[in-house]
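Shown next, in structure tokens, is the structure this report addresses.
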Amino acid sequence: MIALHKSELFQAAVSLLYPATCTVCRRQVRVGEYLCGDCEAKIIRIVPPFCETCSEPFEGSINTAFNCANCAHRAIYFDAAVAAYRGRGIVRDVIHEFKYNRQIHLRHLVARWLRAALDDERLRSRQFDVMVPVPLHPARQRERGFNQAQLLAQLLSEHTSISCRPLLKRIRYTTTQTALDRSERMENLQNAFRLRRNADVRGLRVLLIDDVLTTGSTLSECARVLKRVGAKSVHAATAARA
Ligand SMILES: [Zn+2]
Ligand SMILES: [Zn+2]
């Protein structure tokens, strides 16, 4: 596991000015690259077999489409949630720096991981009418200074020409989810989201965007709200899967 230390953090900031160095280890890279070959090789791509619905990867060989036990035993409201990378090591550290240490320039690298999710065949073959970032509660957004999902969705929107619209609103300030199990998370999220005033998603094919998929509870709750008010379909893409 590689952790980003203070000196590396500083280097991450420097790499904004001199983008031709590796975000993590400072080694020189080709212009337009964020990671050197060695660091790139450490990030874990999610490869089949994985759950059709939530992308949870499995060991071994399964050749048919399948759903994991978690998705089979609970109500999931999104059609599929896709992540291309495991949120471990470098991926986890970079996302952490981006979100919690205001290393906003790292959004470009995180957005690149997110774009990889769009290559998945569950998303590639589809048309989307709108991209909706998972909202933060206004108090949390003030505290953080930005909504990471929205910054990512905006970058993705520039690359795909799917318009990005923050149509959801977080109306409950939920405590951190990390210590909660799956059913506690679902309960914690109940009525946490609602459609913004004057927003209309009837008949729309929605692509939800977030940085990390952990249990899928947040994305599912957003999808539930969107479908209740008439969204035709709701898929989700995230940069990483815990
Ligand atoms: Zn490197
Ligand atoms: Zn699943």
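The values are calculated or read from the model by the stated rules, or taken from the named source; none is laboratory data. Since we're looking at a predicted model, the values are computed, not measured. All Cβ positions, glycine included, derive from the backbone under ideal geometry; neighbour counts span all protein chains shown. In case anyone asks, the SASA skips ligands and DNA or RNA and just uses the protein heavy atoms, side chains included. Shrake-Rupley method; radii C 1.70, N 1.55, O 1.52, S 1.80 Å.
Between region 22-59 and region 98-169, what's the alpha-carbon centroid distance in Å? Here the two parts' Cα centres lie 18 Å apart.
Residues ARG88, ARG185, ordered by accessible area of protein heavy atoms at a 1.4 angstrom probe radius and largest first, appear as ARG88, ARG185.
The mean sequence distance of close C-alpha pairs (under 8 Å, at least 6 residues apart), as a share of the length of region 102-197, puts its relative contact order at 28 percent.
Per residue, the chain exposes 51 Å² of accessible surface when a 1.4 Å probe is rolled over the protein heavy atoms with every protein chain present. Only the Cβ atoms of Lys and Arg (+1) and of Asp and Glu (-1) were treated as charged; on that basis the dipole of region 92-242 about its Cα centre amounts to roughly 500 debye.
Nonpolar atom fraction for the chain, defined as the carbon and sulfur part of the 1.4 Å probe accessible area, stands at 48 percent. Taking Lys and Arg as +1 and Asp and Glu as -1, the other residues whose beta-carbon sits under 14 Å from that of PHE78 total +3. Within the straight-line cut-off of under 18 Å between alpha carbons, the aspartates and glutamates reachable from LYS232 are ASP79, ASP129, ASP200, GLU221, sequence neighbours fewer than 8 places apart in one chain being disregarded. In region 150-223, a dipole from Cβ-located charges (positive for Lys and Arg, negative for Asp and Glu) runs towards its positive end, and of LEU156, ALA192, LEU213 it is ALA192 whose Cα lies farthest in that direction.
Would you mind checking the tilt of helix 217-228 against the longest principal axis of the Cα atoms of the chain, expressed as 0 to 90 degrees and rounded to 10? For 217-228 against the chain, the angle is about 40 degrees. When each of the peptides 164-174, 209-219 is scored by how many other beta carbons lie within 10 Å of its residues on average, the order from highest to lowest is 209-219, 164-174.
GNM on the chain, alpha-carbon springs under 10 angstrom: the most fluctuating residue among TYR77, TYR100, TYR85 is TYR100. Build a GNM of the chain with springs between Cα atoms under 10 Å apart, and of SER157, SER183, SER61 the one that fluctuates most is SER61.
Using a probe of 1.4 Å, the accessible surface attributed to THR53 totals some 20 Å² when neighbouring protein chains are kept in position.
Once the Cα atoms are used to define both axes, helix 107-118 deviates from the longest principal axis of the chain by about 50 degrees. Once the Cα atoms are used to define both axes, helix 148-160 deviates from the longest principal axis of the chain by about 90 degrees.
A 1.4 Å probe over all protein chains sorts HIS108, HIS137 by accessible area into HIS108, HIS137, starting with the largest.
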